[in-house]
Amino acid sequence: MARALAAAALAAALGGTALAGPVVVRAVGPSAKAYPAGKKLADSAQLVLKPGDTLVLLDARGTRTISGPGTFAAVSTGTRAGATQTASQILRTNSTSERRGGAVRGGLPTMDTRSPNLWFVDLSKSGTMCVADPQTVRVWRMSGDKAADVKVSGAGASGTISLPAGATVAEWPKSVPVTDGGEYTITMEGMAPSTIRFVTVPMPSNIEDTASQLIAKGCNTQLDLLIATTSAGSNSG
């Protein structure tokens, strides 16, 4: 029931005609202090950027990059249906579609290297992981070419995740409860050990709130995934 309600709220947020103002998810340049990551903008805002400024804005249509100098509207009237549809898919807590492995370009994951879901734990990445429901955590690996046993330890417990050949998604082991602030070590053959720190967050009601929570909690791997998945275009002065 909780998942169904969350999915319904997300669909309304992404598919409705009324658009909230965007949130700044990246800021570089002399105006970065005026537009820090996490800052929510009014939908009527006009952004005055200087030479060397670059902002990445996220709203229900996806992400948009603007670069100075120039004055820009906070909300673009252009259509970004593809980005919106993809964002809807990765934000669903019950989405399990899988993608093949590939390369990483420009520091952000590409379509072939992206997790299919924002709430999956990427087994190859260390860092802080935001979760809405600690009881239903899932993990993801980029390649399912071989069977693998993933060892998980932390909070005084340990467990194993068995991934058969062809599988890239699995459940977090029930023997290792996920706790808010808990740190866990993940080891798998052929991969450097990773350390995950979990932070519980309320299920966000829209994509802007999702980005704000990820920024506030330092869930940078998920933020990178959200930005890469919803990337739509750029404007320059």
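Values as computed for the structure displayed
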{"item": "Positive-end residue of Leu214, Ala132, Val176, charge dipole of region 116-237 with Cβ unit charges", "result": "Val176"}
{"item": "Highest-first arrangement of 126-137, 32-43, where packing means the average Cβ count within 10 Å", "result": "126-137, 32-43"}
{"item": "Charge context of Ala170, other residues only, Cβ under 10 angstrom, K/R +1, D/E -1", "result": "+1"}
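Only the coordinates and a few stated rules stand behind these numbers; no lab work does. All of these numbers come straight from a predicted model, not from anything done at the bench. Ideal geometry is used to build each Cβ from the backbone, glycine not excepted, and the neighbour counts take in all protein chains shown.
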